[in-house]
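Colleague: Shown below is the structure under consideration.
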Amino acid sequence: MKLLVVSAGLSSPSSTRLLADRLTAATLDHLGHLDDLDAEPETVELRELATEIARHLVTGFPPARLAAALDAVAAADGLIAVTPVFAASYSGLFKSFFDLIDKDALTGTPVLVGATGGTARHGLVTEHAMRPLFTHLRAPVVPTAVYAASEDWGAQGLAQRITRAGTELARSMAATHPTTRPTTGDTSPDTAPDVDTAAALAPRSPTGAITSTDPANGLTVVPFAQRLAALRTG
């Protein structure tokens, strides 16, 4: 499995990267307890791609490093996304990167969101800004989001939230991974049905992109204007 971590921290070291690393460790630790599942983590530091992101926004063509990062998002089995808080929301760099993601690339991919800030007053940024963003991209966000204010570091409550969030992401990744599903004909009640809902709704093309229909099923797209005309004549 592939676990992709996107960190939008602007300094090195940064509390944003520290939170991303701890969420990654918690996820990998719980995956190891789920039938010895293993995941290959990859971290994308957006500050290293800032120039490429700006160039892509104005030209429409991603440089090689940015293209590789965008492909990694589309290929991920799970995503951890962490941003610092700016003006009571995610950073502009964070939003600019996800503006470049194909609208179908994250369909069905479980996501864990986290944020860092200087004050606890911004604690709901994960709910009013980050969760709606990934919901728009049709990516299921795990229930526990982690916000870390300056005073949270070293506190017991933060460590507990990180563990809970990592556990939730690990379970979501395991539930959607093909190797955890039974083979055809296995009707054991302790296993999940052999149904890949995300792939059924949005099958991937040979290049890894997600398409809206599967040509093998003979599906056709009826133009909206044609549907309206049929309603008028009916």
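The values are calculated or read from the model by the stated rules, or taken from the named source; none is laboratory data. The structure presented is a predicted model; accordingly, all values stated were derived computationally and were not measured. Cβ atoms come from the backbone with ideal geometry, glycine included; neighbour counts cover every protein chain shown. Only protein heavy atoms, including side chains, enter the accessible area calculation; ligands, DNA and RNA are left aside. Shrake-Rupley method; radii C 1.70, N 1.55, O 1.52, S 1.80 Å.
Colleague: Taking the Cα centroid of segment 55-75 and of segment 98-138, what is the distance between the two, rounded to the nearest whole Å?
Modeller: Centre-to-centre (Cα) distance: 19 Å.
Colleague: Amide H to amide H under 5 Å from THR116: which residues, 5+ apart in sequence or cross-chain, H placed 1.01 Å off N in plane?
Modeller: Correct list: THR83, VAL85, ALA148.
Colleague: While we're on this one: Within 14 Å, Cβ to Cβ, of ARG22, how many net charges do the neighbouring residues add up to if Lys/Arg are +1 and Asp/Glu are -1?
Modeller: Charge balance near ARG22 sits at 0.
Colleague: In whole Hz and in residue order, list the ³J(HN,Hα) couplings for segment 58-69 that follow from phi through the Karplus curve 6.51 cos²θ - 1.76 cosθ + 1.60, θ = phi - 60°; x for Gly and Pro.
Modeller: Ordered by residue, 3J(HN,Hα) equals 9, 10, x, 10, x, x, 4, 5, 5, 4, 5, 5 Hz.
Colleague: How high is the FRET efficiency between ALA120 and ARG164 when r is their beta carbon distance and R₀ equals 22 Å, given to the nearest 0.05? Write down the numbers at each step before the final one.
Modeller: Details: r = 18 Å, r/R0 = 0.84.
With R0 = 22 Å, the Cβ-Cβ based efficiency is 0.75.
Colleague: Rounded, prolate or oblate: pick one for segment 37-120, where a ≥ b ≥ c are the square roots of the eigenvalues of its C-alpha gyration tensor, a/c under 1.5 means rounded, and failing that, prolate if a/b is larger than b/c, else oblate.
Modeller: The shape class here is oblate.
Colleague: Using the beta-carbon distance between THR43 and GLN226 and R0 = 41 Å, what value does 1/(1 + (r/R0)^6) give for FRET efficiency, to the nearest 0.05?
Modeller: 0.30
Colleague: Tabulate in residue order the Karplus-calculated ³J(HN,Hα) for segment 42-55, using 6.51 cos²θ - 1.76 cosθ + 1.60 with θ = phi - 60°, rounded to whole Hz; enter x for Gly and Pro.
Modeller: The phi angles translate into 9, 10, 10, 8, 5, 4, 6, 10, 4, 5, 5, 5, 5, 5 Hz.
Colleague: Could you give the length gained on full extension between ASP102 and ARG171, defined as 0.36 nm per residue of separation minus the Cα-Cα distance, in nm?
Modeller: 22.3 nm
Colleague: Going by the alpha-carbon gyration tensor, a ≥ b ≥ c the square roots of its eigenvalues, is segment 1-70 rounded (a/c under 1.5) or, if a/c is not under 1.5, prolate (a/b greater than b/c) versus oblate?
Modeller: Oblate, because a/c is 1.5 or more while a/b does not exceed b/c.
Colleague: How much length is gained if the chain between TRP153 and ALA88 is pulled fully straight, taking 0.36 nm per residue apart and subtracting their Cα-Cα distance, in nm to one decimal? Provide the component values of the computation, followed by the final result.
Modeller: On the way: separation 65, 0.36 × 65 = 23.40 nm, distance 1.99 nm.
Full-extension gain reported as 21.4 nm.
Colleague: Scattering from the C-alpha atoms of segment 61-168 alone, worked out with Debye: what is log10 I(q)/I(0) at q = 0.21 1/Å?
Modeller: Result of the Debye calculation: -1.15.
Colleague: Taking only protein heavy atoms and a 1.4 Å probe, what accessible area per residue, in Å², does segment 3-66 have with all protein chains in place?
Modeller: That works out to 53 Å² per residue.
Colleague: Let me ask you something else. Rounded to the nearest 5, what % of DSSP beta bridges with both residues in segment 47-187 are antiparallel?
Modeller: 15 percent
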